[in-house]
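What follows is a set of notes on a single structure, which appears directly below.
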Amino acid sequence: MEPFVRHRGSAAALPRQDVDTDQIIPKQFLRGLERTGLGASLFFDWRAQPGFELNDPATHGASILITGPNFGCGSSREHAVWALAEYGFRAIIAPSFADIFFANCCRNGVVPVQLRPGEVDTLMQRAQRATVARRYDVVVDLAELAVSDDSGFSEPFTFDPYRRELLLRGLDEIDRTLLEEPRIAEYERLHP
Amino acid sequence: MIASTAKTLFDRIWDAHVVQQLADDVALLYVDLHLVHEVTSPQAFAGLRAAGRSVRRPERTLATVDHNVPTGDRSLPVDDPVAVRQLDALGVNAREFGIELFDLASPNQGIVHVIAPELGATQPGMLIVCGDSHTSTHGAFGAFALGLGTSEVEHVLATQCLVLPKPGNLEAHFTGVRAPGVSAKDLILALIGRIGTAGAAGHVIEYTGDAIRTLSLEERMTVCNMSIEAGARAGLIAPDDTTFEYLRGRPRAPTGAAWDHALARWRGLRTDPGARYDTRVIIDAARVGPQVTWGTHPGMVADITGRVPNPADLATDHERRAAARALEYMGLTPGTPLAGIPIDRVFLGSCTNARIEDLRAAASVVRGLRVAPQVRAMVVPGSQRVKREAEREGLDQVFRDAGFEWRNAGCSMCLGMNADVLGAGERCAATSNRNFEGRQGRGGRTHLMSPTMAAAAAIAGQLVDVRAWRRAELA
């Protein structure tokens, strides 16, 4: 996994709540055997609709997604995160995330940042004013646990220390867990 | 002051599975049963192969094919080459890593959350995982059962362990007695309507109260199944005699002295008096009527006697916009009575409501009647075992005589990965669990409800209150 320490990139606004993983990547794209090839199908059905936020050229090339509460609810499909990552997103900022989606992000180097609703609204409004000529850049700093922009926005966020460490160092979680091999073997001995 | 040692059921199961505390609230937990299916596992096995790892406990791992399987004639080869590739991949992976697989030819094949319980593989007190969000179903046995992404599936295959921050604990207490015509599906939809699709985020729900105790084990599975639609990590119901009687004699349940030993252990799986939950919700089951969703997530739900809401009446701007978008997608006008909305399709199936009791309940509604001429209705049993049992009882003939298609087991039109999909604009009465945009097919419109409500809708050709409709039929 690619480490994530600090990322600066242009932001795209998706002002919707309860965005489910069926929307992020519809089922017809779950039929493969690989983790790749999904970026082009991100939000497949919505992209066919005029007026969909990510069809706006001002959002193209964005690497930070700013969206509404309960993002990533529904199906556990990790394909949703693979699609977001391949499309170019490195961080997602929202008031809240669905649990499985949050965990999936952390295992793919995509950082889900939870800010207060009012803070997300501020970033959302600024991102919505972006144009092709004038992008809106945001900085997500996992080392300092802060989100900032060039217009004076600077807010801290919290992140569970265990997952943060894995992200910061880009560690393979299986390798990390296998360091506990003696404990696992002991558990198995006590619970045959 | 002495700290309370009273534990909730969830605390008890959690504590019994901690291998190692990794950080303040993050533990390494041992997994008792890992269920695998064809859609979320290929990348996990590929990861194992690439790293030269093996499956740590293949005998604690059970695989089947369900999401991407055809539900038509099983004597014919699968005619979808993309599906074949995924089905074959699971076959290869199961053989290479030594995992038991119930493939399309197996008499035990079916939806993963239907087959593990019916085999008795799901047992109280276990930690059960699967790369599928509806793993919460198994909580009906008093197991901590949760859905994972594919990276975590790979992690469990390699280590038999799961890294998890400890969720909070929410008690959903259902008092009172259900009215006739009201099902377990209505109870859980009513809860989701009350607390919202993120209402239990970060929490495990324990369902308690008289209205839960009196549910059959299969009804409890319906309730726990949809915990995820309230955002919960899992749902739990303390095991009792209903649970033990369900398990007794199942193929994978313990026998003899092992059964007695297990039973003694299982009886201790309960919440101590005085144990604290982080949150508590109380619902009076007697006041819950048959529920129908009107929008594009399961929290957009109302009593069948209600009307399509007016977005303008909702509290926040976010909610107003979401509801307006949902109504546009669903092709519904505010103020329209829910009863009377015409439908095109009926889907009786899914891990929520395709067990034998569900099929019996639906069959009792359609017996001797005909599906409305403009409606296409299908029954997709949750497993081949359920299908055989239904056929033994003659339920297949009841459905066929009424004009339903009688199909083979799989997830089918719950998520529409196979050929069973809605066309754009088609409106479906479904016993499944998600009414998301495009879930059952691009442009398809899903109304979630109980099996008897869906069965009645099939006959009436429109959404109906199964209680009033029954009376009208008898008159």
### Summary
Across (1) within 12 Å of another protein chain (Cβ to nearest Cβ); (2) farther than 25 Å from residue B:416 by Cβ; (3) in contact with a Pro (Cβ under 7 Å, 6 or more places away or on another chain); (4) aliphatic (A, V, I, L, M), residue B:51 clears everything bar (3)
### Message
Any residue at all in region B:227-237 that's away from chain A (no Cβ under 14 Å), closer than 23 Å to residue B:145 by Cα and surrounded by 24 or more Cβ atoms within 10 Å (Cβ to Cβ)?
### Response
yes
### Among the residues listed as B:419, B:455, the single one being touching a strand residue (DSSP E or B) at 6+ places or on another chain (Cβ under 8 Å) and under 26 Å from residue B:389 (Cβ atoms)
B:455
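Looking at B:170, B:119, B:162, B:127, can you tell me which residue is at the interface with chain A (Cβ under 10 Å from one of its Cβ atoms), aliphatic (A, V, I, L, M) and in contact (Cβ under 8 Å) with a residue 40 or more places away in the chain?
Values: B:170 fails: at the interface with chain A (Cβ under 10 Å from one of its Cβ atoms); B:119 fails: at the interface with chain A (Cβ under 10 Å from one of its Cβ atoms); B:127 fails: at the interface with chain A (Cβ under 10 Å from one of its Cβ atoms).
After ruling out the rest, the residue left standing is B:162.
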### Message
Exactly one of these conditions fails for residue B:294: (1) touching a residue at least 40 places away in the same chain (Cβ under 8 Å); (2) out of contact with any strand residue (DSSP E or B) (no Cβ under 7 Å at 6 or more places or on another chain). Give me its number.
### Response
(2)
### Message
Within region A:128-192, considering only strands (runs of 3 or more DSSP E) that don't extend past its boundaries, which have at least 1 residues that are among the β-branched types (Val, Ile, Thr) and in contact (Cβ under 8 Å) with a residue 40 or more places away in the chain?
### Response
A:137-141, A:146-149
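So that you can scan it fast, the table gives a plain yes or no per residue for (1) more than 14 Å from chain A (Cβ to nearest Cβ); (2) surrounded by fewer than 24 Cβ atoms within 10 Å (Cβ to Cβ):
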{"site": "B:400", "(1), (2)": "yes, yes"}
{"site": "B:405", "(1), (2)": "yes, yes"}
{"site": "B:414", "(1), (2)": "no, no"}
{"site": "B:417", "(1), (2)": "no, no"}
{"site": "B:441", "(1), (2)": "no, yes"}
### Condition check for residue B:97: among the aromatic types (Phe, Trp, Tyr), within 21 Å of the chain's Cα centre (by Cα) and away from chain A (no Cβ under 14 Å)
no
### Within region A:79-101, tally of residues that are closer than 16 Å to residue A:43 by Cβ and in a helix (DSSP H, G or I)
10
### Message
All but one of (1) under 16 Å from residue B:356 (Cα atoms); (2) among the aliphatic types (A, V, I, L, M); (3) crowded, with 24+ Cβ neighbours inside 10 Å hold for residue B:205; state the number of the condition that does not hold.
### Response
(1)
#### Entry: Qualifying residue in region A:44-67 (condition: in contact with a helix residue (DSSP H, G or I) (Cβ under 7 Å, 6 or more places away or on another chain), closer than 26 Å to residue B:146 by Cα and part of a loop (DSSP other than H, G, I, E, B))
no
### Message
Tell me the residue from A:130, A:103, A:58, A:48 that is over 15 Å from the mean Cα position of the chain (by Cα), within 11 Å of chain B (Cβ to nearest Cβ) and of a type in the set (A, V, I, L, M), please.
### Response
A:48
### Message
Just checking, does region B:171-180 include any residue being within 24 Å of residue B:40 (Cα to Cα) and assigned to a loop (DSSP other than H, G, I, E, B)?
### Response
no
#### Entry: Residue that is nearest to the other protein chains (Cβ to nearest Cβ), among those in region A:163-192 that are surrounded by 13 or more Cβ atoms within 10 Å (Cβ to Cβ), of a type in the set (A, V, I, L, M) and more than 14 Å from residue B:161 (Cβ to Cβ)
A:166
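Could you go through region B:83-101 and let me know if any residue there is polar (S, T, N, Q) and either surrounded by fewer than 21 Cβ atoms within 10 Å (Cβ to Cβ) or in contact with a Leu (Cβ under 6 Å, 6 or more places away or on another chain) (or both). Quick ask: steps written out before the conclusion?
Here is the first cut: in region B:83-101, the residues polar (S, T, N, Q) are B:86, B:93.
Narrowing the set further to residues that are either surrounded by fewer than 21 Cβ atoms within 10 Å (Cβ to Cβ) or in contact with a Leu (Cβ under 6 Å, 6 or more places away or on another chain) (or both) leaves none.
Within region B:83-101 (the criterion being polar (S, T, N, Q) and either surrounded by fewer than 21 Cβ atoms within 10 Å (Cβ to Cβ) or in contact with a Leu (Cβ under 6 Å, 6 or more places away or on another chain) (or both)), the answer is no, since none of the residues qualifies.
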### Message
When you check residue B:73 against the structure, is it of a type in the set (Asp, Glu), more than 9 Å from chain A (Cβ to nearest Cβ), surrounded by fewer than 21 Cβ atoms within 10 Å (Cβ to Cβ) and in a loop (DSSP other than H, G, I, E, B), yes or no?
### Response
yes
### Query
Residues of region B:313-326 being touching a helix residue (DSSP H, G or I) at 6+ places or on another chain (Cβ under 7 Å) and in contact (Cβ under 8 Å) with a residue 12 or more places away in the chain, which ones?
B:323, B:324
### Task
Pick out, from region B:208-273, the helices (runs of 4 or more DSSP H) lying fully within it that include 2 or more residues that are over 17 Å from residue B:351 (Cβ atoms) and either without any contact (Cβ under 8 Å) to a residue 60 or more places away in the chain or touching a Ser or Thr at 6+ places or on another chain (Cβ under 8 Å) (or both).
B:210-213, B:241-247, B:256-266
### Query
Residue check, residue B:78 against (1) farther than 30 Å from residue B:277 by Cα; (2) more than 14 Å from every other protein chain (Cβ to nearest Cβ), all met but one. Which one?
(2)
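Taken together, the values in this text are just the output of simple stated rules run on the coordinates, not laboratory data. Keep in mind it's a predicted model, so treat the numbers as computed, not measured. Ideal geometry is used to build each Cβ from the backbone, glycine not excepted, and the neighbour counts take in all protein chains shown.
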